[in-house]
Amino acid sequence: MKEIRIGLLGLGNIGTGTYKALEMNREKIEKLVGGSVKITKILEKDIDRERDITVSKEQFVDSIEAITEDPDIDIVIELLGGVEPASTFIEKALLAGKHVVTANKAAVAASWEKLNAAAKKTGVQFRFEASVGGGIPVLTPLAGCAAVNQYTEVLGIVNGTTNYILYKMTEEGMSYEDALKDAQVKGFAEADPTADVEGIDAANKLSILMAIMFDRYIPPTQIPRAGITGITKEKIEEAREQDCVIKLIAHATLHDDGSFTYEVRPTFIKNYHPLAGVLEEYNAVYIKGNLVGKLMFYGPGAGPLPTGSAVLGDVTEIARSIV
Ligand code: HSE
């Protein structure tokens, strides 16, 4: 039986969730692949941290080359987070002929051109389904079975932390600070929650969505954005009086005259709109296509096991193609 060998970069929150998800569903995954799937090497400094998984010390390595120069490794999973050194490591792996899977929206959005060029150069797969919408299968269908559409609009609730904060403020009258703390305890927030609450994380995800849907790469730093730090109880009441809820929306539109607009900002959403029912840390991506009409992809947008599900989905697709 063919064995697919994986090098994992990062054994933090998401790395541990992915490792655990593979242990939980190994039988199902290996049946889909038609071979065995094994994480043989892990690049991680914090070896001694208590984790609810079985990892042997021999699996840990301390240099990226131990993985990229290992001819037995087929796939690299990058779950370090942040633009660097993740982008450099992904590029190195792609140029070394390894297929790469990542959940790292910051690296994919910032280094889009460089990383896709590297994958093209060596003819390997570069997949990042988990980078937008956590566990929601959204990029693969948008780039695959729905790609025959001319897309005209995307409205996304693509940050779980801010959706959770706005939900708690709206439904439970919780203060902004308490709701943020709660989201951090639950493991949705970034290490530095500034990226969440200032809309930077949502801009990274919008950059990826626009590249996939409209074939336009806009670096995340060029996306106009406003976060949720200025949202007060008064604003939430004002929305309620207009039969609306406030959501942090990542929005891009291809207009009839050919112009293209994009932004991330808190938006009043009418209560009857499907996006208004996206609660807690859930995410949704609502799109319009000229053939299919309106579609909404909905599900858990953050968290170790949902993100692990999307990562392993990409791994399984690649592993199947290798087998
Ligand atoms: N901090 C991100 C969020 C994690 O809250 O959505 C998932 O990308």
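A short reminder: the numbers here are calculations on the coordinates, not readings from a lab. Remember, it's a predicted structure, so these values are computed and weren't measured experimentally. With ideal geometry, Cβ positions are generated from the backbone for all residues, glycine too; neighbour counts draw on all protein chains shown.
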TODO: Report, in degrees rounded to the nearest 10, the 0 to 90 angle that the Cα long axis of helix 13-33 makes with the longest principal axis of the chain.
DONE: 70 degrees
TODO: Note down the relative contact order for the chain as a percent, whole number, built from C-alpha pairs under 8 angstrom at least six residues apart.
DONE: 22 percent
- [ ] Using only alpha carbon pairs under 8 Å that are at least six residues apart, calculate the relative contact order of region 13-84 and give it in whole percent.
- [x] 31 percent
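For the peptides 80-86, 114-120, what is the packing order when you average, over each peptide's residues, the other Cβ atoms within 10 Å and list the highest mean first?
80-86, 114-120
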Task: Cβ charges +1 (Lys, Arg) and -1 (Asp, Glu), total dipole of the chain, debye - done: 820 debye
Task: Per-bin percent of Cα-Cα distances, region 204-323 [10 Å] - done: 11, 33, 37, 16, 3, 1
Open item on the list: Amide H of residue 299 versus every other amide H placed in the peptide plane: which residues, excluding those fewer than 5 positions away on the same chain, fall under 5 Å?
Closed with: 283
Open item on the list: Quick one: 3J(HN,Hα) in Hz for region 94-108, Karplus 6.51/-1.76/1.60 with θ = phi - 60°, rounded, Gly and Pro as x.
Closed with: 4, 5, 7, x, 8, 5, 10, 10, 9, 10, 8, 5, 5, 6, 4
- [ ] Just need the relative contact order of region 138-269 here, percent rounded to a whole number, with Cα pairs under 8 Å and 6+ apart.
- [x] 29 percent
Open item on the list: Looking only at the chain, where both bridge partners belong to it, what percent of the DSSP beta bridges are antiparallel (to the nearest 5)?
Closed with: 60 percent
Task: Per-pair calculated FRET efficiency, R0 = 25 Å: residue 38 and residue 150 via Cβ, rounded to 0.05 - done: 0.05
Task: Gyration tensor verdict on region 26-65 (Cα atoms; rounded if a/c is under 1.5, prolate if a/b is larger than b/c, oblate otherwise) - done: oblate
- [ ] In a Gaussian network model over the chain where Cα atoms closer than 10 Å are linked, find which of 16, 232, 102 has the largest mean-square fluctuation.
- [x] 232
TODO: Grab region 26-109 and count how many Lys pairs have their alpha-carbon atoms under 14 Å apart, sequence gap of 8 or more, or different chains.
DONE: 4
TODO: Kindly express, to the nearest 10 degrees and within the range 0 to 90, the angle between helix 304-322's C-alpha long axis and the longest C-alpha principal axis of the chain.
DONE: 50 degrees
- [ ] Excluding residues on the same chain fewer than 8 positions from residue 233, give the lysines whose Cα lies under 21 Å from its Cα.
- [x] 168, 181, 247, 270
Task: For the chain, built as a Gaussian network whose Cα springs stay under 10 Å, the top-fluctuating residue of 221, 68, 307 - done: 221
Task: Paramagnetic reach from residue 2 (point 7 Å along Cα→Cβ, amide N under 15 Å) across region 30-53 - done: 30-38
Open item on the list: How tilted is helix 200-214 with respect to the longest principal axis of the chain? Cα atoms for both, answer in degrees (0 to 90, nearest 10).
Closed with: 80 degrees
- [ ] Could you pull out every residue, at least 5 positions away or on a different chain, whose amide H is within less than 5 Å of the one on residue 134? Hs are placed 1.01 Å off N in the peptide plane, and Pro or chain starts have none.
- [x] none
Open item on the list: Which of 181, 105, 41 ends up with the largest GNM mean-square fluctuation for the chain, with Cα atoms connected below 10 Å?
Closed with: 181
TODO: Would you mind checking the radius of gyration and Dmax of the chain based on alpha-carbon positions, in Å?
DONE: 19.8, 63
